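Below: one structure, written as structure tokens.
The values are calculated or read from the model by the stated rules, or taken from the named source; none is laboratory data. None of the values given here were measured: they were computed from a predicted structure. Cβ atoms come from the backbone with ideal geometry, glycine included; neighbour counts cover every protein chain shown.
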Amino acid sequence: MPRYLLSTHSATGGATREPMTEEQMQKAWAPIQALEADMKSAGAWVFSARLEDPDTATVVRMSGDEIVTMDGPFVEAKEHLAGFYIIETADLDEALGWASKVTRLISSPIEVWPFADTAGG
Amino acid sequence: MPIVDDALIGRIFREESGRSVATLIRIFGDIDLAQDAVQEAFALALRKWHDDGLPPNPGGWITTTARNRAIDHLRRESRGRELLGQVVEPDMAQEEEAGPVQDDRLRLIFTCCHPALAIEARVALTLRLLGGLSTAEVARAFLVAEPAMAKRLVRAKHKIKAAHIPYRVPAETDLPGRLRPVLAVLYLAYNAGTDRPAGDDLRGEAIRLARAMNGLMPDEAEVAGLLALLLLTESRWSARFSGDGSIVLLRDQDRSSWDRVLIEEGHAIVRACLRRNQPGPYQIQAAINAVHAAAASFPATDWSQILTLYDQLLAITPTSVVAMNRAIALGEVEGPRAALNVLDGLDLDQYHLFHAARADLLARLGRYDDARQAYAGAAALAATEAERTYLTDRLAAMRSAR
């Protein structure tokens, strides 16, 4: 079955929101967790994660023969990857169906990207 | 017995290749393989039919021959043999598929017009795969160089494959949303045929596909509406140009040259739509054209009926262009001043027909200087040579007016 990356992006250094209280956090997460449970019971869920801010990233690269480690992110961009799902569905329409549900909950756009290799899927 | 010449086979290709390509894509799941095999089958037909005459069912002959060619191709490669093992089963399963009428062309048009593809790609792919137009013809139709069009088609086909864009009619719940881009593609293809060199082919294909869709989805009122709109627009085609190729406006057209057969068919569909009472933008535009087609002359047109229909259209699709067309109808009901008041509130400065409409109203109000300026503005923005010629002629005629 084809696999897709559903990714969501946030504006880098955008408006810093008021930190949420524990209760608000619970409230915001409950529907997202419920949707993830739906994905799991439908057999679509492979993996999902939310990422820390990009200034916590570290870049490792080759410089000649040497490995150099440095403060990230990899590219300074207006937007950065904020979180993602990896799902497995019959076709693009099913993947778009899940993406629609996610985007409705988090009210920000989702990019749906097919994996190049479906081996093992 | 018809004479079997290249023109006849060419016509059969236009009419049948879409269905054959669609069927082969269903069987083999590979667009390129299907296209190549159908192409080969027609090349074979070109040789064979000249000598043996037409088979009883030319379309069926093409599909069967193409299917056998595709199987030959697959046998020759090892990866193909694997695929061949898989195709027999889905083919059988397909026959038992439940649900509404499943036609291969219908499946394919929903794939070609999938919202995940760019709009230009949707139109090109539909005309190429379902309309039987060559890449060169599609390129010419959209004023794009052939290599650029070829690249666009390759890219779209790759996305269909890589992203697994499905090959099926969408579920009932998704249908309204998915039908919209399909109808838009057919309408766009038709309109591309109204001002492009390969115009006749494009308009003919758009009508053929709209007719096929209407036969396959008889419950969708907007499909019928689109077909009626295209038929009624087409009925006036030959009256739209004068001998020297310049545009003749609706008001000056020779109504005896309108195609009565197309009008009859369009009117019958519009009447059926009215009975159904599920109005939509294509049906309303068809109804507006039906009122024009029924009028014996321009002044005898039922303009208040047209204005009412534009009011409905504007309520559903509140765009500036619809508001402009409604204002033109208003001009016929309440006079040029009322129409001009509405037009001047619209933000359509970049649209040549907006300036042309203003120019016409200004001239009717005797404001010739303003009218000249508006005609000049329209001519500068005109999209086609025929329109530019018409507008500069009007401008010249204005010069003598005071």
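Brief remarks follow.
- Checking A:I110 against (1) in contact (Cβ under 8 Å) with a residue 60 or more places away in the chain; (2) more than 21 Å from B:D174 (Cα to Cα); (3) not aromatic (F, W, Y), the condition it does not meet: (2)
- Applying the set (1) over 23 Å from B:H164 (Cα atoms); (2) in contact with a helix residue (DSSP H, G or I) (Cβ under 6 Å, 6 or more places away or on another chain) to A:E22 leaves exactly one unmet item: (2).
- In region B:239-264, residue surrounded by the fewest Cβ atoms within 10 Å (Cβ to Cβ) [restricted to those that are over 17 Å from B:A294 (Cα atoms) and among the polar types (S, T, N, Q)]: B:S242
- The conditions of being under 17 Å from B:A221 (Cα atoms), outside the structural domain of B:D259 (by TED's automatic domain parsing) and among the β-branched types (V, I, T) are met by B:I316.
- When B:E146, B:E172 are checked against the criterion of being out of contact with any helix residue (DSSP H, G or I) (no Cβ under 9 Å at 6 or more places or on another chain) and over 26 Å from A:R3 (Cβ atoms), B:E172 stands alone in meeting it.
- Some residue of region B:144-157 being under 19 Å from the mean Cα position of the chain (by Cα), modelled with pLDDT under 95 and surrounded by fewer than 21 Cβ atoms within 10 Å (Cβ to Cβ): yes
- Test: residue in region B:240-261 that is in a helix (DSSP H, G or I) and over 29 Å from B:Y390 (Cβ atoms): no
- In region B:169-225, the qualifying residues are those that are among the acidic types (D, E) and farther than 22 Å from A:A90 by Cβ, and the one that is nearest to the other protein chains (Cβ to nearest Cβ) is B:E220.
- For the residues B:L231, B:L129, the requirement of being away from chain A (no Cβ under 14 Å), touching a Cys at 6+ places or on another chain (Cβ under 8 Å), assigned to a helix (DSSP H, G or I) and surrounded by 22 or more Cβ atoms within 10 Å (Cβ to Cβ) singles out B:L129.
- Criterion violated by A:D117 - all others in (1) loosely packed, with under 12 Cβ neighbours inside 10 Å; (2) in a helix (DSSP H, G or I); (3) within 14 Å of chain B (Cβ to nearest Cβ) satisfied: (2)
- One residue stands out in region A:72-90 among those that are outside any strand (DSSP E or B) and crowded, with 16+ Cβ neighbours inside 10 Å: the one that is farthest from the other protein chains (Cβ to nearest Cβ), namely A:P73.
- Scanning region B:145-168 for residues that are more than 11 Å from every other protein chain (Cβ to nearest Cβ) and assigned to a loop (DSSP other than H, G, I, E, B) yields one hit, B:A145.
- Residue in region B:44-61 that is among the aromatic types (F, W, Y) and out of contact with any Pro (no Cβ under 8 Å at 6 or more places or on another chain) present: no
- When region B:187-207 is filtered for residues that are among the charged types (D, E, K, R) and at pLDDT 90 or above, only B:R203 remains.
- Test: residue in region B:335-345 that is free of Cβ contacts under 8 Å to residues at least 40 places away in the same chain, more than 27 Å from B:A397 (Cα to Cα) and either surrounded by fewer than 13 Cβ atoms within 10 Å (Cβ to Cβ) or of a type in the set (K, R) (or both): yes
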